[in-house]
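Here the structure comes first, spelled out in structure tokens, and everything after it is commentary.
Coordinate-derived values only; no laboratory data. All values derive from a computational prediction rather than experimental measurement. Backbone-built Cβ (ideal geometry, glycine too); neighbour counts: all protein chains shown.
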Amino acid sequence: MTNTFRLHVTGRDGKSRESDGRIGGSLLEILRDAGVEEISAMCGGNCSCATCHVYVEAEGLLPEPCIDESEMLDTLLQQTPLSRLACQVTIAAGIDCLRVEVAPEE
């Protein structure tokens with residue numbers, strides 16, 4: 001079993017890029033390592049600002065959002081069924097590919 005997965009990221013400008021992500025890290029850390037600078041994460045990854053809002057499609061399973069994440073997502077105008085806070089998603093074994101789009105700023 002590999003310790004990496006394939007990451008496809010679409011920025012707010014519509015441009016896409018690909019890289020490998022590390023299993024076990026938070027999606028926020030993985031996106032930063034991949035050079036995605038559009039996510040400010042003003043709260044430092046503490047699930048209290050929603051500035052790391054992304055849309056996620058995973059070939060594999062992601063855990064459901066916790067109550068705090070769900071409540072924060074409910075405050076967003078641009079929320080969709082794919083909405084997640086990157087600081088709250090931990091990438092577990094079994095994820096082969098992840099497609100992420102940086103959500104519009106609110």
- Relative counts (whole %) of C-alpha pair distances in the chain, using bins that are 5 Å wide: 2, 14, 26, 27, 19, 9, 2, 0
- Item | Within the chain, percent of DSSP bridges classed antiparallel, to nearest 5 | 75
- Taking only C-alpha pairs under 8 Å that are 6+ residues apart, what is the relative contact order of segment 4-102 in percent? 42
- Query: For Leu61, Leu77, Leu82, Leu28, what ranking results if the residue with the fewest other Cβ atoms within 10 Å of its Cβ goes first?
  - Reply: Leu77, Leu61, Leu82, Leu28
- Can you list residues whose amide H is under 5 Å from Ala92's amide H, if they're 5+ apart or on another chain and H is modeled 1.01 Å from N? Gly24
- Item | Value of [θ]222 nm, deg cm²/dmol, for the chain, DSSP H segments ≥ 4, -39500 (n - 2.57) each, nearest 500 | -3500 deg cm²/dmol
- Message: Under the 0.36 nm per residue contour assumption, what length would be gained going from the current alpha-carbon distance of Glu18 and Glu38 to full extension?
- Response: 5.6 nm
